[in-house]
Amino acid sequence: MLQTFRCQPISSIVSRSLHPKCSRFCSKHPRTFLQETCRRGQVPTTSAIARSFFRNFSSATNWEEPSGYDTGIRVTNSLRKDRVKVPLILSNKNVATWYACGPTVYDSAHIGHASSYVRFDIIRRILSEFFSIDVVQVMGITDIDDKIIKRSQESDISFSQLTKVYQDEFYQDMDNLNVLPATLYTNVTDHVPQIVAFIQQIINNGYAYAAPSGSVYFDVQAFGPQYGKLSTDNMDTGEAGEPNENLSEKRNARDFALWKSAKPNEPWWTSPWGNGRPGWHIECSAMASGIFGRSLDIHTGGKDLAFPHHTNEIAQCEGCFRSDQWANYFLHSGHLFLKHDVNKMSKSLQNVISIREVLQKYTANQFRLFCLVTKYNNDIEYGDEIMQNAISLGNQLSSFLSDSDAYVKGQLMCQPIDEAALMQRLSEVRDQFITALADDFNTHKAMEGLMDLVQLGNKQLQNTSKDTSGARSPGVIAAISTYINHVLNSLGVQFTQRNSPGSTASTRTLTSVLDASVEFRNSVRQWALDSSNSMTQNDELTSKEKKKLVMQERAPVLIACDQFRDGLADSGIQIKDRSKEHGTWEFVEKPSKTT
């Protein structure tokens, strides 16, 4: 069908693509493209019409469902323009090969980056913890490019010194955000020979050419209509190459650099075409293929990378391997916007907040909860008001786990609990949670069900009682709190618990000291509040007057108890007075004060 199409005059193509009866042959998108172009007062060029047609026609046919292990998960694969969710099928049972675009290490990472890395970390944990899939994740680090060279020259240090500072900072930022480290990090400068060999193979296959300057370009026209699998609206107005490329030596404006010839005072490596350095797009293709070979299960990154970066990665790999499908799934995260700012967070727009800045104000758990309540591929808005919702969510979860612990230990009394209702809801939430995660990792819906369970449990526990003789149900409360704690830990939300299995010896010692301290405070406070043990022998006073006098005498003791409680609160330890007889303590999250 493509051959027939390519032989027709362009006027025939346009008329057919605009004719509603031809919808089974022509996608509706070329028609939309032409209408929008004309509405803007522009005359669509022949190449733009053909490019739009080919791109949208191929969107329904170019992605082929792979054979292999069906995970039971359905995902939004960016390789399909129709956004229909498709089964996530892995090449090997219970093993996912995953390449993630990492940072360009010339500056501090910001929370726009953080939101993408945290969201994909959540997906990685979901695959591992809820679907028993071993994820082999490789992350590429760009440690040589135009921005790095410019910044190193401005700072009067070598590019390698600059990148080491920011790469180490990136690792620390990810650790502070509780993002799991990649299975392997690959640096561009460590893989230049492999990149050169990769480029040479593309040239040998007829999809790239060397220019007189020594630069090498990918030949988009030679590659043909298969180019543009991840194209966006930018493709119609933008170019596939990088800024500062020499347009005069390209065969076509959309060609992009695989190898950049050396310039004065810039780092360079040797190659068959002369001294130079890799282009941006080729780096990821060569490094990913060097680890995973000719095919890949999952490729991830922010949606701004779809074109040109990921589009060019696909062309390079399929051009090198002469294959029709390199990566089977592309998952793209949504952008992060500052509240009241229409532009996505970007260093070039100077509307960034560094990860270290945000972690001085909020905790890693709070930022992760902020990411969890929206789907990974939706845009997300950041602001103090929105973060307060994440703080409230965290407080509800932490408070329920603390109250559950106190109830199970007999330190919190309440009216009899409806065991049947709670166990029924727990069973429903378990099923709904997995169903939501299997639906394109819908953490928003999953968290809604989890919070419904928390609220139901809180409602039962808040119905406090002084009567200690009534029926108690510690088993069902323990079951719910154990499930919730397991889910949160699995998603990377790790509240510090006094009985955490991963507690160190020093933490266990601190727990013992706090247990003894709070128990001593409980005893002192109980004595101070009990007027019946008064030594006052004034028979002329009424019992009410005696009680008042005793309270006045013991007020300093109660004040000291409150000061002890408040002092620990400043250190992130909260004491809760459950009753006159019982008090409990728990860790409370506090943002980091250091950078």
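The values are calculated or read from the model by the stated rules, or taken from the named source; none is laboratory data. Since this is a predicted model, take the numbers as computed values, not measurements. Cβ atoms come from the backbone with ideal geometry, glycine included; neighbour counts cover every protein chain shown. Please note that ligands, DNA and RNA were not included when accessible areas were found on the heavy atoms of the full protein model with its side chains. Shrake-Rupley method; radii C 1.70, N 1.55, O 1.52, S 1.80 Å.
What tally of residues in region 192-208 results from selecting those that are in contact with a helix residue (DSSP H, G or I) (Cβ under 7 Å, 6 or more places away or on another chain) and buried (at least 19 other Cβ atoms within 10 Å of the Cβ)?
The first filter runs over region 192-208 and keeps only residues in contact with a helix residue (DSSP H, G or I) (Cβ under 7 Å, 6 or more places away or on another chain), leaving 194-195, 198-199, 201-202, 205-208.
Add one more test, that the residue is buried (at least 19 other Cβ atoms within 10 Å of the Cβ), and what stays is 195, 198-199, 202, 207-208.
Of the residues in region 192-208, 6 are in contact with a helix residue (DSSP H, G or I) (Cβ under 7 Å, 6 or more places away or on another chain) and buried (at least 19 other Cβ atoms within 10 Å of the Cβ).
Can you work out which of the residues in region 346-356 that are surrounded by fewer than 22 Cβ atoms within 10 Å (Cβ to Cβ) and not charged (D, E, K, R) is nearest to Val216 (Cα to Cα)?
Ser348
Would you say Thr142 is free of Cβ contacts under 8 Å to residues at least 60 places away in the same chain and buried (at least 16 other Cβ atoms within 10 Å of the Cβ)? Can you show your working first?
Working: free of Cβ contacts under 8 Å to residues at least 60 places away in the same chain: no; buried (at least 16 other Cβ atoms within 10 Å of the Cβ): yes.
Criteria not met by Thr142.
Condition first: under 21 Å from the mean Cα position of the chain (by Cα) and either β-branched (Val, Ile, Thr) or farther than 10 Å from Asp70 by Cβ (or both). Now tell me which residues in region 87-96 satisfy that.
Across region 87-96, the qualifying residues are Val95, Ala96.
Any residue in region 420-440 that is within 17 Å of Thr482 (Cα to Cα) sitting within a Cβ distance under 9 Å of a residue that is surrounded by 15 or more Cβ atoms within 10 Å (Cβ to Cβ) and of a type in the set (Phe, Trp, Tyr)? List the pairs, counting only those 6 or more apart or interchain.
Leu426/Tyr483; Val429/Tyr483; Arg430/Tyr483; Phe433/Phe130; Ile434/Phe130; Ile434/Phe131
Among the residues of region 316-345 satisfying the criterion of being assigned to a loop (DSSP other than H, G, I, E, B) and open to solvent by less than 20 Å² (accessible area, probe 1.4 Å), which is modelled with the lowest pLDDT?
Met345
Might you check whether a residue that is open to solvent by 40 Å² or more (accessible area, probe 1.4 Å) and under 28 Å from the mean Cα position of the chain (by Cα) occurs anywhere in region 403-410?
no
Any chance region 85-94 includes a residue that's farther than 30 Å from Asp431 by Cβ and crowded, with 18+ Cβ neighbours inside 10 Å?
no
Quick one: count up the residues across region 179-191 that are surrounded by 14 or more Cβ atoms within 10 Å (Cβ to Cβ) and closer than 30 Å to Ala208 by Cα.
Residues in region 179-191 being surrounded by 14 or more Cβ atoms within 10 Å (Cβ to Cβ) and closer than 30 Å to Ala208 by Cα: 6 in total.
Being at pLDDT 95 or above and open to solvent by 20 Å² or more (accessible area, probe 1.4 Å) is the filter here; which residues of region 486-511 pass it?
Those that are at pLDDT 95 or above and open to solvent by 20 Å² or more (accessible area, probe 1.4 Å): His486, Asn489.
Quick check: anything in region 377-399 modelled with pLDDT of 90 or more, crowded, with 21+ Cβ neighbours inside 10 Å, part of a helix (DSSP H, G or I) and touching a Ser or Thr at 6+ places or on another chain (Cβ under 7 Å)?
no
Could you say whether any residue in region 162-170 is among the basic types (Lys, Arg) and under 25 Å from the mean Cα position of the chain (by Cα)?
Within region 162-170 (the criterion being among the basic types (Lys, Arg) and under 25 Å from the mean Cα position of the chain (by Cα)), the answer is yes, since at least one residue qualifies.
When both residues are 6+ apart or on different chains and their Cβ atoms are under 8 Å apart, which pairs have a first residue that lies in region 490-508 and is more than 30 Å from Phe120 (Cβ to Cβ) and among the polar types (S, T, N, Q), and a second that is open to solvent by 20 Å² or more (accessible area, probe 1.4 Å) and at pLDDT 75 or above?
Listed pairs, sorted by first residue: Asn499/Asp405.
For Val352, which of the numbered conditions (1) at pLDDT 95 or above; (2) in a loop (DSSP other than H, G, I, E, B) fails to hold?
Going through (1) at pLDDT 95 or above; (2) in a loop (DSSP other than H, G, I, E, B) one by one, Val352 breaks only (1).
Could you say whether any residue in region 408-427 is touching a strand residue (DSSP E or B) at 6+ places or on another chain (Cβ under 9 Å) and modelled with pLDDT of 90 or more?
The answer is no; no qualifying residue exists.
In region 241-300, what count of residues is obtained for those that are within 18 Å of Pro212 (Cβ to Cβ), assigned to a helix (DSSP H, G or I) and of a type in the set (Ser, Thr, Tyr)?
1
If Ile480 satisfies all but one of (1) crowded, with 17+ Cβ neighbours inside 10 Å; (2) within 23 Å of Ala364 (Cα to Cα); (3) more than 24 Å from the chain's Cα centre (by Cα), what's the number of the condition it fails?
Ile480 satisfies all of (1) crowded, with 17+ Cβ neighbours inside 10 Å; (2) within 23 Å of Ala364 (Cα to Cα); (3) more than 24 Å from the chain's Cα centre (by Cα) except (2).
Determine, yes or no, whether Leu359 is in contact (Cβ under 8 Å) with a residue 12 or more places away in the chain, surrounded by 18 or more Cβ atoms within 10 Å (Cβ to Cβ) and in contact with a Pro (Cβ under 8 Å, 6 or more places away or on another chain).
yes
Of everything in region 166-178, what is open to solvent by 30 Å² or more (accessible area, probe 1.4 Å) and under 12 Å from Ala109 (Cα atoms)? Give them in sequence order.
The answer is Tyr166, Asp168, Glu169, Tyr171, Gln172.
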